[in-house]
Amino acid sequence: MKISADIGWGHKFGGARRLAIKTLMAMSRISPKNEYLAYSNSAHADLTGTAVHERVFPAPRYVPQSVWDQFVFPHAVFPEAVRRDNPDVIYFTNNIMSFGRLPAPAV
């Protein structure tokens, strides 16, 4: 099973993002036969060397970071990237879900 997760909300690293990363890492240890993809707007050293594959989409210089974090990444970039990867399920770790059409059931 291919599991995709949105961990890319905001450019600051805090408790909610740390929880999302640790949850994905634990899931990958419990069920290593699955493929785990984490989509973010900044790279996370915690995922280096783990079974969780990170897809990083940083904000271009001409787009304000807050606009990228709150609108462009979650509602345009993330849905497009997920459609390309074609997961079996999408795990949203934030309190919002993408507006874009998604290719799989979402949690």
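The values are calculated or read from the model by the stated rules, or taken from the named source; none is laboratory data. Predicted model only: the values in this text are computed from it and were never measured. Cβ coordinates were reconstructed from backbone atoms using ideal geometry, including for glycine residues, and neighbour counts include every protein chain displayed. These area figures cover heavy atoms from the full protein model, side chains too; ligands, DNA and RNA do not enter into them. Shrake-Rupley method; radii C 1.70, N 1.55, O 1.52, S 1.80 Å.
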Among the residues of segment 96-107, the number that are of a type in the set (Phe, Trp, Tyr) and surrounded by 15 or more Cβ atoms within 10 Å (Cβ to Cβ) is 0
Per the filter on segment 33-52, residues assigned to a helix (DSSP H, G or I) and either within 19 Å of Val107 (Cα to Cα) or more than 13 Å from the chain's Cα centre (by Cα) (or both) are Ala45, Asp46
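Quick grid of which residues meet (1) within 13 Å of the chain's Cα centre (by Cα); (2) surrounded by 13 or more Cβ atoms within 10 Å (Cβ to Cβ); (3) at pLDDT below 85:
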{"position": "Phe13", "(1), (2), (3)": "no, yes, yes"}
{"position": "Ser31", "(1), (2), (3)": "no, no, no"}
{"position": "Phe78", "(1), (2), (3)": "yes, yes, no"}
{"position": "Asn94", "(1), (2), (3)": "yes, yes, yes"}
**Request:** Answer yes if at least one residue in segment 53-68 is among the hydroxyl-bearing types (Ser, Thr, Tyr), more than 12 Å from the chain's Cα centre (by Cα) and surrounded by 14 or more Cβ atoms within 10 Å (Cβ to Cβ), and no otherwise.
**Result:** no
Picked from segment 33-46 (must be more than 18 Å from Met97 (Cβ to Cβ) and modelled with pLDDT of 85 or more), the residue least open to solvent (accessible area, probe 1.4 Å) is Tyr36
Can you confirm whether segment 86-100 contains a residue that is in a helix (DSSP H, G or I) and of a type in the set (Gly, Ala, Ser)? no
